[in-house]
Amino acid sequence: MSLSATDLSAIWLTLQLASLTTVLLLLIGTPVAWWLARTRSRMKGLIGAVVALPLVLPPTVIGFYLLVTMGPHGPVGQLTMAMGLGTLPFTFAGLVVGSVIYSLPFVVQPLQNAFEAIGDRPLEVAATLRAGPWDRFFTVALPLARPGFVTASILGFAHTVGEFGVVLMLGGNIPGRTRTVSVQIFDPVEAMEYAEAHWLAGGMLLFSFVVLLALYSSRRMRPGLG
Amino acid sequence: MKPSPSRLLATLGASLLACAAHAAEVQVAVAANFTAPIKEIAAGFEKDSGHKVVAAFGPTGGLYTQVKNGAPFEVFLAADDTTPARLESEGEAVAGSRFTYAIGKLVLWSATAGRVDDKGEVLKRNAFRHLSIGNPKTTPYGLAATQVLDRLGLADAVKPKLVEGTNITQAYQFVASGNAELGFVALSQVYRDGRISGGSAWIVPAGLYEPIRQDAVLLARGKGNPAAVALVEYLKGPKAAAVIKAYGYGL
């Protein structure tokens, strides 16, 4: 193996970022997806479109807007400074915020599909058995939507690992703090040192393939929701 | 005599052919830091010669890779002198066509007026949170910035505060958005019509870093294109020189 110490620190940082982002996304994404799946509100189209925006926007656009809004002159930046937190760009916390926004649709959409696939019937049956709304959600909807949660977690995690543009715009390439794997690969490629890039780039390719293989194989074995 | 349709067509065809022969198109690859000046130079060149300039902008390393992989560029304006030399030695550029079209100047810049003094003492006081530079591995201006810090003996002191942009445009963006209080950027980014256009700046003395020679080269694809050859000549001429200087480059 020819992975350097900085490679390893980039890998460790990326795993931390992707794990934390996935956990936060499941916490934020579940109620959003539940609402999108059940609501008849006219706002559904609007919220759905906002959630899907990161799918189509170039990451550099997201990164640029985040850089400006989280900077000292932006509204979010002024808020965090008033709270004594300083500003978020160039910090790990800033990357987490960026990643949550960037990977949002990859978690919300599978969850929404899973909740929609359950339909009204099981929940109505549960209601006739006197299960309250929270009970229905936790003991009926959540278990039935499990494959959706598996898909959402894997996609959210993998998409954050592969994130590049947002990290590049927000991170400032600080070793051990904001230099993730994709940025670590980018440097030698830009400097035309292809041999150095191969180890990490190859590893990244392998990782992505294995993740997707696991995802699609698990789908085949458990057909149904998700 | 009324012009017959066939005669009209013939005349039209002939004039189209004439246009094609005179007004050729030239595809230029341009280092990101030279974006604004080349647009102005191209406008003058198009007016004088009737040729058309199509410019693509990007980091020098990235443009190099594109040239190596068959991009249709005919002239290359790099941000350094090594990449054009490399292309020449690899047979991708016309031998002997290489020349320095501009010499980059480094500036320590802040978007806030009065923050940077004209001697750069602000660096030594170390009263800032982030110092933005271009990636020293990939951008000549980033490399020059690390040379300055080394010669001032500040490399270790400011190291934890360094944030890197992938290219000099991004390094500038970090400072312009206020996220980094200070940054080493290209003078051309903050200089218009002979003066600093906003914020405060210290133009770093040339002795503190190796000269940033930006070389241009006629690529192999441009060899037979009169527009490409004409553009290279125009770049060496007085009209281009005036624009280049107005943007804060040396010659």
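For this structure, a couple of remarks:
- Number of the condition not met by B:Ala206 [criteria: (1) at pLDDT below 95; (2) closer than 23 Å to B:Asp48 by Cα]: (2)
- Residues satisfying the stated conditions in the range B:66-87, i.e. free of Cβ contacts under 8 Å to residues at least 24 places away in the same chain and surrounded by fewer than 16 Cβ atoms within 10 Å (Cβ to Cβ): B:Asn69, B:Gly70, B:Thr82
- Unique residue being free of Cβ contacts under 8 Å to residues at least 24 places away in the same chain, in a loop (DSSP other than H, G, I, E, B) and away from every other protein chain (no Cβ under 14 Å) when the list is B:Gly114, B:Gly153: B:Gly153
- Subset of the range B:157-209 that is buried (at least 24 other Cβ atoms within 10 Å of the Cβ), in a loop (DSSP other than H, G, I, E, B) and without any contact (Cβ under 8 Å) to a residue 60 or more places away in the chain - its residue that is nearest to the other protein chains (Cβ to nearest Cβ): B:Asn179
- Count - residues of the range B:226-244 that are in a helix (DSSP H, G or I) and surrounded by fewer than 17 Cβ atoms within 10 Å (Cβ to Cβ): 7
- The number of residues in the range A:99-137 being crowded, with 19+ Cβ neighbours inside 10 Å, in contact with a helix residue (DSSP H, G or I) (Cβ under 6 Å, 6 or more places away or on another chain) and not hydrophobic (A, V, I, L, M, F, W, C) comes to 6.
- Here B:Phe73 fulfils each of the conditions (1) modelled with pLDDT of 95 or more; (2) assigned to a loop (DSSP other than H, G, I, E, B); (3) within 27 Å of B:Gln173 (Cα to Cα) apart from (3).
- Lone qualifier among A:Leu123, A:Leu85 - being within 14 Å of chain B (Cβ to nearest Cβ) and among the aliphatic types (A, V, I, L, M): A:Leu85
- Note on the range B:117-133: residues that are more than 10 Å from chain A (Cβ to nearest Cβ), within 28 Å of B:Phe34 (Cα to Cα) and among the small types (Gly, Ala, Ser) total 1.
- Within the range B:211-251, considering residues that are basic (Lys, Arg) and in contact (Cβ under 8 Å) with a residue 24 or more places away in the chain, the one farthest from B:Ala23 (Cα to Cα): B:Arg213
- All positions within the range B:192-248 that are farther than 24 Å from B:Val94 by Cβ and among the aromatic types (Phe, Trp, Tyr): B:Trp202, B:Tyr209, B:Tyr247
- Against the test of being out of contact with any Asp or Glu (no Cβ under 6 Å at 6 or more places or on another chain), assigned to a helix (DSSP H, G or I) and either farther than 30 Å from B:Leu162 by Cβ or at pLDDT below 90 (or both), the options A:Thr6, A:Thr21 yield a single qualifying residue, A:Thr6.
- Selected residue (only one of A:Phe186, A:Phe207 is touching a residue at least 12 places away in the same chain (Cβ under 8 Å) and surrounded by fewer than 18 Cβ atoms within 10 Å (Cβ to Cβ)): A:Phe207
- Filtered residue count, the range A:55-95, keeping only those that are at pLDDT below 90, on the phi > 0 side of the Ramachandran plot and crowded, with 18+ Cβ neighbours inside 10 Å: 0
The values are calculated or read from the model by the stated rules, or taken from the named source; none is laboratory data. What you see is a predicted model, and the numbers here were worked out from it, not measured in a lab. So basically every Cβ, Gly included, is an ideal-geometry build from the backbone, and we count neighbours across all protein chains shown.
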